[in-house]
Amino acid sequence: MAEILKLNRPWLVAVWPGMGHVALNAGVYLLAKLGMSAFAEYQSSDLFDIDHVEVKDGLVQPGKRPKNRFFVWHDPNRRHDLVVFVGEAQPPAGKYPFCRQLVEFARNLGVERVFTFAAMATQMNPEHESRVFAAATDETNLNELKRLELTVLEDGNIGGLNGVLLAAAAEAGLQGACLLGEMPHIFAQLPFPKSSHAILEVFSVLADIDLDLAELAEQARVVEEQLGELLARVEEQIGGQASSSEEEGFLPEPLEEQSVPDIDRNQIEALFDQTSKDRSKAFELKRELDRLGLFKEYEDRFLDLFQKPGA
């Protein structure tokens with residue numbers, strides 16, 4: 001860990017890549033709109049292996065393991081500072097030890113509550129509002145979530161670190177909750193910003209922070225229209241009989257891998273330059289990277305934008 005900060009009653013939000021980019025986009029939106037800065041990196045290379053390497057211009061590049069970074073925001077109103085943890089991947093093994101170490105670091109920072117964000121795939125129509133499902137580590141948290149009229153996850157399980165981290169937090173005596181944004185299961189492999197928007201609407205109320213969600217709402221509107229058109233074509237092709245099984249949903253055929261035109265690469269570079277001077281532009285850059293299917297390629301460089309000046 002790079003440094004230990006003195007924080008005011010901080011809350012921890014942890015996000016990882018997953019269905020619909022729901023959690024990751026919500027986390028990145030917090031980084032961008034709150035002007036957060038990276039302050040530490042979780043060194044966990046022993047938990048991650050390398051299963052492929054990149055080749056550029058005929059040369060094999062050094063192997064890369066996923067990075068795990070911490071970002072911080074100091075609340076000017078002195079209610080709750082925020083720490084956002086962004087993991088590039090979940091470890092294939094050792095999940096509970098990983099989470100216990102993360103929780104230990106959070107406790108050393110004085111973290112009072114732990115939140116994870118995730119997607120909940122259902123048979124919702126893309127045009128419908130995304131519900132927010134919730135589960136908590138304790139009755140006090142659960143009652144607070146119920147007062148916000150969220151849909152309580154009565155039974156079932158929360159897969160991966162979104163749930164395991166909360167178990168580790170509860171074991172350490174920390175309160176926690178998972179907020180799951182609803183999205184259409186038939187489009188689980190596509191970005192669905194409406195779910196991220198729904199999660200952040202709830203979280204901003206819980207945390208009592210002023211968060212401008214206009215840019216995310218506009219992206220959600222555009223994607224809703226695109227998916228609505230795609231769904232209409234799919235239903236027409238199969239005679240209007242949409243799948244009733246969450247396991248057997250339609251997934252669009254993957255596009256053939258194509259080279260990205262120079263004009264798009266140049267636009268990406270221009271956005272990187274703008275974002276380096278104004279971090280509020282970061283979500284616009286993320287949106288463009290998602291549109292071109294390039295976020296994984298630029299992920300390290302993107303998150304490096306949130307380093308402290310001079311770091």
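The values are calculated or read from the model by the stated rules, or taken from the named source; none is laboratory data. Note that the coordinates shown come from a computational prediction; the quantities given were computed from them, not determined experimentally. Using ideal geometry, Cβ is built from the backbone for each residue, glycine included, and neighbour counts are taken over all protein chains shown. Heads up: the accessible areas ignore ligands, DNA and RNA and are worked out on the full protein's heavy atoms, side chains in. Shrake-Rupley method; radii C 1.70, N 1.55, O 1.52, S 1.80 Å.
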Completion exercise
Restricting attention to the range 161-191, the residues that are part of a loop (DSSP other than H, G, I, E, B) and under 20 Å from the mean Cα position of the chain (by Cα) number exactly 4
Exercise for the section: Kindly provide the set of residues from the range 290-306 that are farther than 17 Å from residue 22 by Cα and either exposed (fewer than 14 other Cβ atoms within 10 Å of the Cβ) or among the acidic types (Asp, Glu) (or both), ordered by number. Expected result: 297, 300, 301, 304
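Using the structure shown, decide if residue 33 is open to solvent by 70 Å² or more (accessible area, probe 1.4 Å) and under 25 Å from residue 288 (Cβ atoms).
On the way: open to solvent by 70 Å² or more (accessible area, probe 1.4 Å): no; under 25 Å from residue 288 (Cβ atoms): yes.
Criteria not met by residue 33.
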Handout entry: Unmet criterion (only one of (1) open to solvent by 30 Å² or more (accessible area, probe 1.4 Å); (2) outside any helix (DSSP H, G or I); (3) charged (D, E, K, R)) for residue 233
Key = (2)
Handout entry: Residue match in the range 74-93 (condition: more than 24 Å from residue 179 (Cβ to Cβ) and either surrounded by 14 or more Cβ atoms within 10 Å (Cβ to Cβ) or within 20 Å of the chain's Cα centre (by Cα) (or both))
Key = yes
Practice task
Scan the range 102-160 for residues that are aliphatic (A, V, I, L, M) and in a loop (DSSP other than H, G, I, E, B) and jot them down.
Solution key: 111, 124, 148, 150, 153, 158
Practice task
Inspect all residues belonging to the range 78-92 and state whether any of them is out of contact with any Asp or Glu (no Cβ under 8 Å at 6 or more places or on another chain), modelled with pLDDT under 95 and among the aromatic types (Phe, Trp, Tyr).
Solution key: no
Exercise for the section: Could you tell me which residue of the range 175-192 is farthest from residue 145 (Cα to Cα), considering only residues that are open to solvent by less than 20 Å² (accessible area, probe 1.4 Å) and in contact with a Lys or Arg (Cβ under 8 Å, 6 or more places away or on another chain)? Expected result: 183
Practice task
Among the strands (runs of 3 or more DSSP E) lying completely within the range 2-79, list those that include at least 2 residues that are touching a strand residue (DSSP E or B) at 6+ places or on another chain (Cβ under 7 Å) and small (Gly, Ala, Ser).
Solution key: 37-41
Problem - Number of positions in the range 138-158 that are open to solvent by less than 50 Å² (accessible area, probe 1.4 Å) and not acidic (Asp, Glu) - result: 8
Exercise for the section: Could you pull out the residue among 283, 302 that is modelled with pLDDT of 85 or more and either closer than 24 Å to residue 189 by Cβ or part of a helix (DSSP H, G or I) (or both)? Expected result: 302
